[in-house]
Amino acid sequence: MTDLSHLLQQNREWAARMEAERPGFFRMLRSQQRPRYLWIGCSDSRVPANEIIGLPPGEVFVHRNVANLVVHSDLNAISTIEFATRVLGVTDIIVCGHYGCGGIKAALEPVQDRIVDHWLRHVRDIAKFYREELEEIEDPALRVRRLCELNVATQVVHVQESPVTVELREKGQDIRVHGWIYDVADGLLRDITSLVDKVRAREPV
Ligand code: CO
């Protein structure tokens, strides 16, 4: 069995550091969580939600899966959105993709016989819908980057169209859904919400 004692040791050091910097921090978190944001991101180890937006525990409710998808029939994602908005009162939802996403890249390659290829069919559908735009991009790396962006914009629309957020909006609650993309090469986030309007309207991108 792998010895993970160094991780437990690092945890003790982290907890002590947090408590030293912010006395009473864990006691405060024990009684409640009141996150202000729901983060829907990729499982990729290089894109840790809290770290890249500089927020401590308690501030971000997080859902991550391969290629940051929001599939209408995915009970995991839908339950997370419902809990975050209805129970925790989150009003800002961030869908964050990232350049260099292995899931997005795989969706542009021939299908393989893996479980994950079933999941990535959702990305293939987006690539199929924007086939002409994507084929115009000659550089394969830039094509993957563009599909990363189109995927984020599409997932933002999925969140906006999900019955949970539609109902809350009809009740007058303002649910804002943001589309961001993270570049693992420079550590910076970019807001691509402007692309969402075009994707929602099925306009050329
Ligand atoms: Co990824």
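The values are calculated or read from the model by the stated rules, or taken from the named source; none is laboratory data. Here the structure is a predicted model, which is why all the values come from computation and not from measurement. Glycine also receives a Cβ, built like all others from the backbone with ideal geometry; neighbour counts cover every protein chain displayed. Side chains are part of the model used for accessible areas, which takes the heavy atoms of the whole protein and leaves out ligands, DNA and RNA. Shrake-Rupley method; radii C 1.70, N 1.55, O 1.52, S 1.80 Å.
Points to keep in mind about this one:
- Summarising the overall dimensions of the chain from its C-alpha atoms, the Rg and Dmax are 18.7, 56 angstrom.
- Sequence-distant lysines (8 or more away, or on other chains) whose Cα lies within less than 18 Å of Lys128: Lys105, Lys198
- Between Ala16, Asn68, Ser31, the Cα set farthest toward the positive side of the dipole of the stretch 1-80 (charges on each charged residue's Cβ, about the Cα centre) is that of Ser31.
- Summed over the residues of the chain and divided among them, the accessible surface reaches 58 Å² per residue at a probe radius of 1.4 Å.
- Loop GluC sites (Glu not before Pro), the stretch 87-146 (other Cβ atoms within 10 Å of the site Cβ: 13 or fewer; DSSP): Glu136, Glu138
- For Val66, the residues whose amide H sits under 5 Å from its own are Ser43, ignoring neighbours fewer than 5 places away on the same chain, with H placed 1.01 Å from N.
- Met28 - accessible surface, heavy atoms, 1.4 Å probe, Å² rounded to 10: 100 Å²
- The chain: angle of helix 5-21 to the longest principal axis, Cα-based, in degrees nearest 10: 70 degrees
- Mean separation of Cα contacts under 8 Å (6+ apart) over length of the chain, as relative contact order %: 20 percent
- The fraction of accessible area contributed by carbon and sulfur in the chain is 53 percent, rounded to a whole number (1.4 Å probe; ligands and nucleic acids excluded).
- Vicinal HN-Hα couplings computed from phi for the stretch 87-104 (Karplus, 6.51 cos²θ - 1.76 cosθ + 1.60; Hz; Gly/Pro x): 8, 8, x, 5, 10, 10, 10, 10, 9, 10, x, 8, 5, x, 6, x, x, 5
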